[in-house]
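> Take a look at this one; I'll ask things after.
The values are calculated or read from the model by the stated rules, or taken from the named source; none is laboratory data. Model, not experiment: these values are computed from the prediction. FYI the Cβ positions are ideal-geometry reconstructions off the backbone, even for glycines, and counts take in every protein chain you see. Side chains are part of the model used for accessible areas, which takes the heavy atoms of the whole protein and leaves out ligands, DNA and RNA. Shrake-Rupley method; radii C 1.70, N 1.55, O 1.52, S 1.80 Å.
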Amino acid sequence: LSCLDAILFTSQNVNYMKFSLITVTYNSSVTLSDTIQSVLSQSYFNIEYIIIDGGSTDSTIEIVKKYESLFGGRMFWISEVDSGLYDAMNKGIQMATGDIIGFINSDDIIFDPKAIEKIVRCFYQNGDIDGVYSDLYYVSHTDLNKIIRYWVTGKQRPFQTGWHPAHPTFYIKRKIYEKYGLFDLDYKFAADFELMLRFTELKKIKLVYFAEPLVKMRIGGTTSKNLNNICRGNLECLQAFKKNGIKVSILYPLQRLIPKIRQFFSRSM
């Protein structure tokens, strides 16, 4: 299925689906303004924006308060100590009231102002689907216009082949989280992978691929900032397969790595 030839919305249908966007923060003052502004710039109006802060000690909360009024009552936030990234994400899901839930990291941006409108259009056009995923750009940490890697997710294939969506482009109906669960906090580096694996391979949710990059993700996130984290993340991916009863080759980390290496040579705007 493709959404590239999506029908135009009528004025009555444009904002009928409520969309919950969740950002997790902790001492994110350097990049958070870019993230929030990218949400504010969206053409789609019916967005509930949730910020879950882990008790930041920098100016993160001052930035949140600065932008709060610009959302006209559509921003909700909390700041309290949590048990890490995925615990905070679970809090966001539990707060969300939208029909669709998506995440945008505190150092990333939704660079296409019509991104959420396009995603909702996919749901509207394919009423029986459970989720939509798309492509993204990895960019320089200091220059959002400098593309380092173009993640082309491509059509859905088995996870065992090394394929999986980019989590910041994984937009899922709230009822799927209610039915199949949240992030597993036993995973410190790959809970997003385990959740997508569980939903897609074990529970067989129905997905649509939107073949455009919609998000710019600064390179150097928690799971890829150093070799140790990369190794631990790959180990957790193997554990995720085992936990969900899915057989996979011991060569899986290599199968997962090869497509990513190719993406470094596929950069384009």
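> What trypsin sites (Lys or Arg not before Pro) in region 85-130 are in a loop by DSSP, with at most 16 other Cβ atoms within 10 Å of the Cβ?
Here the trypsin sites (Lys or Arg not before Pro) that fit, given the DSSP loop and packing criteria, are 114.
> Specify whether the C-alpha gyration tensor of region 13-128 places it in the rounded, prolate or oblate class, a ≥ b ≥ c being the square roots of the eigenvalues: rounded for a/c under 1.5, otherwise prolate if a/b is larger than b/c and oblate if not.
Note, shape of region 13-128 comes out prolate.
> Tell me which lysines have Cα within less than 20 Å of residue 247's Cα, excluding those fewer than 8 residues away on the same chain?
Here the lysines satisfying the reach criterion relative to residue 247 are 203, 204.
> What aspartates and glutamates could a cross-link reach from residue 146, if we take a straight Cα to Cα line under 19 Å and drop same-chain neighbours fewer than 8 places away?
By straight Cα distance, residue 146 reaches 34, 107, 108, 112, 135, 212.
> Heavy atoms only, 1.4 Å probe, whole protein assembly: order 205, 219 by accessible area, highest first.
Order by accessible area, largest first: 219, 205.
> For a Förster distance of 41 Å, can you work out the FRET efficiency between the beta-carbons of residue 146 and residue 179, rounded to the nearest 0.05?
0.50
> Give me D for the chain in µm² s⁻¹, whole number, from Stokes-Einstein with Rh from the Kirkwood sum over alpha-carbon pairs, 37 °C and 0.692 mPa s.
Using the Kirkwood radius from Cα pairs, D works out to 173 µm²/s.
> Straight-line reach from residue 114: which lysines have a Cα under 20 Å away, not including same-chain ones fewer than 8 places off?
Within the straight-line cut-off, residue 114 pairs with 18, 173, 216.
> Using a 1.4 angstrom probe on heavy atoms only, work out the carbon and sulfur share of the accessible area of the chain in %.
Summing carbon and sulfur atoms, their accessible area is 54 percent of the total for the chain.
> According to a simple spin-label model (label point 7 Å from Cα along Cα-to-Cβ), what is the distance in nm between residue 78 and residue 46?
Each label point lies 7 Å from its Cα, and together they span 2.6 nm.
> Rank these residues by their accessible area, most exposed first, probe 1.4 Å: 23, 161.
161, 23
> Further, regarding this structure: As a check on your grasp of the helix formula, calculate [θ] at 222 nm for the chain: sum -39500 (n - 2.57) over DSSP H runs of n ≥ 4, divide by the residue count, round to the nearest 500.
Here the helix-only value at 222 nm equals -9000 deg cm²/dmol.
> In region 55-98, what is the volume of the convex hull around the alpha carbon atoms, normalised per residue and reported in Å³?
Each residue corresponds to 74 Å³ of Cα convex hull volume.
> Continuing with this model, one more query. From the C-alpha coordinates alone, can you work out the Kirkwood hydrodynamic radius of region 121-198, in Å?
Evaluated on region 121-198, it is 14.4 Å.
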